[in-house]
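Notes follow once the structure below has been shown.
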Amino acid sequence: LAPLLSDAALRVAAKRNLRHPSMFQHMRRRLVASSARLARYTTKADATRLEAARSASLADRSALAAELSGRWIVATGDPQQTESAGDSFGFALRVDEVNLGVLRAALFPAPPKQRRDEGHLRTALIFGASCHPGLPLSLAAKPLVKAARAELAQRGAERVMGLAPLTGLCGWVVEEQAWERLSSLGEFGDEAAGAVEAVARGVPRPGHSVLGQGTFSAAQKAFEALATAYARRDDPESECLAYLEAGADLAAVHWLHDTSQEAVRDRAGVSASLEFGAYSPAAEATADELYMPSSGIYTPPGGEAS
């Protein structure tokens, strides 16, 4: 495989797409407002069920997604060109012109011949999947990712990566007291465990006056190991799991990928990168049959539906 995109490239890709937000902001505004507009475009029953599904069980929300999947379509926005990050795309999952989910993608320029000779491929990045809270993201993202991969392949992408923030990572580390399990891995000592706890809680280590660079450095390797496990957890609302369920493999976790205060507090700034295999329409059709059973109930890998 060609080398993974660097942390810097992933960060620049996401930020540059966010700097050209007109299409994406419009799509997100429509997504936020969709629940209020559903009664205008869909049957009253659809609107009522989607609103009720916000607090429904996973099984009920999955069943609703399965029912709507017979009517939903994916609309692709016109590409927007950026000076150095290639083309940006937006994809919207719709039922009767109402956006139920959105996804972003960027297609980078083809590498020069020398870099191609070194194994570099023309790369695309999928990111920013979100959906109506009445639907599980792991189900709503599937048709969006499928449409994005098809569009990107048609436009010359030879390699497709996914990028997902590991939202809620610090909360999970605290809830699980995950630093206590580090000793069982054998390669992390008490210093790493203390640093992980401090970063996850957002407080200085005992004997330190601030939560500073030294603590983050001491926590990094252990936190990355925990983040890798967190990225694979069975959570149908996880963007990372949505990409895994759509056929990607976890490639790496990126420490302090997002250094905003909110991201550091929520997940130590960690994002996950994923890699999709070569796009094949026939393989996608088979995957669809396996992914969306007639029951419409999402079943985590190796688990029971809930």
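Taking 0.36 nm per residue of separation and subtracting the Cα-Cα distance, what length does fully extending E118 through V174 add?
Taking E118 through V174 to full extension adds about 15.8 nm, to one decimal.
Tell me, what are the semi-axes, in whole angstrom and largest first, of the equivalent ellipsoid of segment 149-241 as set by the roots of 5 times the Cα gyration tensor eigenvalues? Each step should come with its number before you reach the end.
Working: eigenvalues 211, 41, 32 Å².
Its equivalent ellipsoid spans semi-axes of 32, 14, 13 Å.
When ligands, DNA and RNA are left out and all protein chains stay put, how many square angstrom of accessible area per residue does segment 61-143 have with a 1.4 Å probe? Can you show the working numbers first?
Values: 3070 Å² over 83 residues.
Averaged over the residues of segment 61-143, the accessible area is 37 Å².
With the radius of gyration and the Kirkwood radius both derived from the Cα set of segment 115-172, what is their ratio Rg to Rh? Working shown, then result.
Numbers: Rg = 14.8 Å, Rh = 13.5 Å.
Reported Rg/Rh (Cα atoms, Kirkwood Rh): 1.10.
The values are calculated or read from the model by the stated rules, or taken from the named source; none is laboratory data. Everything numeric here is computed off the predicted structure, so don't read it as measured data. Just so you know, the surface numbers come from the protein's heavy atoms only, side chains and all, with ligands and any DNA or RNA stripped out. Shrake-Rupley method; radii C 1.70, N 1.55, O 1.52, S 1.80 Å.
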